[in-house]
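Shown next, in C-alpha cells, is the structure this report addresses.
The values are calculated or read from the model by the stated rules, or taken from the named source; none is laboratory data. Note that the structure is a prediction, hence the values are computed from the model and not measured. Please note: Cβ atoms are built from the backbone with ideal geometry, for glycine as well, and neighbour counts cover all protein chains shown.
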Amino acid sequence: MNATVPGPTYEEMLNPGARSQALFNITWRGADHRIRHIVLPKELTGVEANIVVLIGRDFPSGSHKVGPAYATLMEGELAGEIRPGENTVIGPSTGNFGIGVAYVAHLKGYPAIVIMPEQMSEERYQRIRQYGGQLDLTPGSESDVILVLERTEHYKKDPRNKILAQFELLPNYRFHRYVTGRSALEAAAPYGNGKVAAFVSAPGSAGTLAAGDEIKARYPACAICALEPKECSTLFNNGRGTHRIEGIGDKMVTLIHNVLTTDYVALIHDDDCVMGLELLERRRSLVERLLGRPRGYLDALEGVLGISGICNILGAIRMARYLGLGAEDNVVTIATDGMDRYPSVLANLEKRRGPLDEARLSASFEEIFRGGGNGEILDVRPREQKERLFGYKEEVWTRFGYTHSYLEKMKAQSFWDGEFGKIPAIDDALPAARG
Ligand SMILES: Cc1ncc(COP(=O)(O)O)c(C=O)c1O
C-alpha cells in the first residue's frame, strides 16, 4: 500500500495557516487572507441591497467544486475505505466536480475516471485530461445527470472503484456548510448591517446551498433561495427540460439537498445567463456607457464570472427586489467558476442568435438585469411544499438503493445538524493520521 498524501482539515480550509497553504490551497481566502469576493456596483444591480459575490475561480482547479471532491476523498481515506495504490476514484459530474476530482486524485496519487455528459463546454474536458483524468462520457447535457448516475452503478460492481458521489455523500454538505457558510458570513460582515438577509444559490449537487444552513444558524431570518433554469424547473413544478446553464438544474432533488432550509425557488431564463456573461465579459464598455460610468468601472468583474455565476447574480437581484431589501441588507451569492470555462460557449452565442449590434445588446441588458417578475418566485416554506420536495427526492433515491427509513431521517433538521456535528471528530482524526 502507498502512503497517503496529507491534506487539510475542514478548519484548515476555512482558516489556512502556513502549513495548510502547502496542503492543496483549497480555501476561499486569497494571499491577503481575506475571503475572495466582490460587492456588485448598485448601478449594475439596480437594487439598494449589497450583493456580495464569493469568487470560486481562484480555487486551484478553477472552481470551488474541488472542495467537496477533496473532502469526500479525505473522509474516505480516514475511514480506511480508500487507499492509494489500491483504488481508482470515480467522479460522477457535469464538469467542475470532475475537474476537482482529477486535480485532487492527481495530487493524492490515484487514477481518476470522470463520468459526465458529452455536451458540456470543451474547456471542461481539456482540464480533466490536463490533470491526467480519464473521461467516460454519457449522452446529453447538463440535465441528463441521471444517466451519469446510472453509468456510475456499473463502476460500483468493481470494489477497487471508489465513487466520490457528490449528489449523495455528506462531505459535500460538510464542506459547504462549514467552509463556504462561514466564509460567506465573514465576507458579508463589513457591509450594511453586517448580517445576511438572503443567500441565493443555483443547485447542481446542492452542496453550495448548504452554506445557507450555516448562515441560517447564525441569522434565522435569512431567506435561502434555490435558483433553477426556467427551462428545467424541477423544484419549482417538476419541470424537466434541457437548458444551457452548465453545473446546475440536474432534473432532481439531490440526496444531500436539505430542503427544510430552502425558503424560495426562483426561475431564471437560461439564455439570459449566457447573454449576461457576454455583456459583462465581452461588452463591458457598452454596459459601462449604459450605466453612465467611465471606462474601466466594471473591470473588477473581468474573468471572474461563469454562466451559473450570472444566474446567481440575477437571482440575487430578483430576491432583493422581491424581499424589498434596502441599503442595510446583504445578499450573498456565489460565482462557482470563471470565464476560462466558457470561451467556446460565447463563441457560439452569435452563431445561434444572429448579429449582436448595440441596440440589441442594450435592450438585452435592460431585459436581463432589470426584468424578471415575482411570478417566477415560489415560496416553498409551507409544509405541503416540503412534502412535495421530499416526494421528488424519494422518487430518485429509492431507485439508487436508499431506504425509506434513511430518507425519513433526512426530514428532520437534527439529521443535518448531526452530520455537520461530525466535523470536530474528523478534524481531530486527520492530523493524527497525518502523523
Ligand atoms: C458552474 C457551476 N455552477 C454551479 C454549480 C452548483 O454547485 P453545487 O453542486 O454545489 O450545487 C456547479 C456544480 O458543479 C457548477 O459546476
In the set 226, 165, 188, 198, which member is buried (at least 24 other Cβ atoms within 10 Å of the Cβ), touching a Ser or Thr at 6+ places or on another chain (Cβ under 8 Å) and among the small types (Gly, Ala, Ser)? 226
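When segment 218-251 is examined, which residues are found to be in a loop (DSSP other than H, G, I, E, B) and aliphatic (A, V, I, L, M)? Even if it seems obvious, please write down each step before you answer.
Applying the first criterion (in a loop (DSSP other than H, G, I, E, B)) to segment 218-251 yields 219-222, 233, 238-251.
Scanning segment 218-251 gives 221, 245, 248.
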Would a scan of segment 295-304 turn up a residue that is touching a helix residue (DSSP H, G or I) at 6+ places or on another chain (Cβ under 6 Å) and part of a helix (DSSP H, G or I)? yes
If we scan segment 228-238, do we find a residue that is more than 26 Å from residue 323 (Cβ to Cβ), within 16 Å of the ligand (Cβ to nearest atom) and either within 13 Å of the chain's Cα centre (by Cα) or in contact (Cβ under 8 Å) with a residue 24 or more places away in the chain (or both)? no
When segment 298-317 is checked residue by residue, the ones that are in contact with a strand residue (DSSP E or B) (Cβ under 6 Å, 6 or more places away or on another chain) and buried (at least 24 other Cβ atoms within 10 Å of the Cβ) are 305, 306, 309, 311, 312, 314, 315, 316
Within segment 397-411, is there a residue that is part of a helix (DSSP H, G or I) and within 14 Å of residue 234 (Cα to Cα)? no
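Looking at segment 83-127, which of its residues are aliphatic (A, V, I, L, M) and either within 20 Å of residue 143 (Cβ to Cβ) or within 13 Å of the ligand (Cβ to nearest atom) (or both)? Before you say what the answer is, go through the steps one by one.
Within segment 83-127, the subset aliphatic (A, V, I, L, M) is 89-90, 99, 101-102, 104-105, 107, 112-116, 120.
Once the filter is applied, which keeps residues that are aliphatic (A, V, I, L, M) and either within 20 Å of residue 143 (Cβ to Cβ) or within 13 Å of the ligand (Cβ to nearest atom) (or both), segment 83-127 yields 99, 101, 114, 115, 116, 120.
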So residue 201 passes all but one of these: (1) among the polar types (S, T, N, Q); (2) without any contact (Cβ under 8 Å) to a residue 12 or more places away in the chain; (3) in contact with a strand residue (DSSP E or B) (Cβ under 9 Å, 6 or more places away or on another chain). Which condition number does it fail? (2)
Going through segment 412-424 in order, the residues found to be touching a residue at least 40 places away in the same chain (Cβ under 8 Å) and not in a loop (DSSP other than H, G, I, E, B) are 413, 416, 419, 420, 423
Do we find a residue being within 16 Å of the ligand (Cβ to nearest atom) and of a type in the set (A, V, I, L, M) anywhere in segment 187-195? no
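So which residues in segment 269-287 are over 25 Å from residue 239 (Cβ atoms) and either aromatic (Phe, Trp, Tyr) or assigned to a loop (DSSP other than H, G, I, E, B) (or both)? Give the derivation first.
If we filter segment 269-287 for residues that are over 25 Å from residue 239 (Cβ atoms), which is where we start, we get 278-287.
Passing the criteria: only 283.
Tell me, yes or no, whether segment 91-107 has at least one residue that is crowded, with 18+ Cβ neighbours inside 10 Å, outside any loop (DSSP other than H, G, I, E, B), polar (S, T, N, Q) and touching a Ser or Thr at 6+ places or on another chain (Cβ under 6 Å).
yes
Looking only at segment 1-19, which residues are touching a Lys or Arg at 6+ places or on another chain (Cβ under 6 Å) and either modelled with pLDDT under 95 or not in a helix (DSSP H, G or I) (or both)? Lay out the reasoning, then the answer.
Start the filter on segment 1-19 by keeping residues that are touching a Lys or Arg at 6+ places or on another chain (Cβ under 6 Å), which leaves 1, 5-6, 14.
If the condition is that a residue be touching a Lys or Arg at 6+ places or on another chain (Cβ under 6 Å) and either modelled with pLDDT under 95 or not in a helix (DSSP H, G or I) (or both), then 1, 5, 6 are the ones that fit.
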Consider residue 191 against the criteria (1) under 15 Å from residue 333 (Cβ atoms); (2) in contact with a Phe, Trp or Tyr (Cβ under 8 Å, 6 or more places away or on another chain): it satisfies all of them except one. Which criterion is unmet? (2)
I'm trying to understand the selection: among the residues of segment 67-82, which are in a helix (DSSP H, G or I), hydrophobic (A, V, I, L, M, F, W, C) and away from the ligand (no atom under 11 Å from the Cβ)? 71, 73, 74, 78
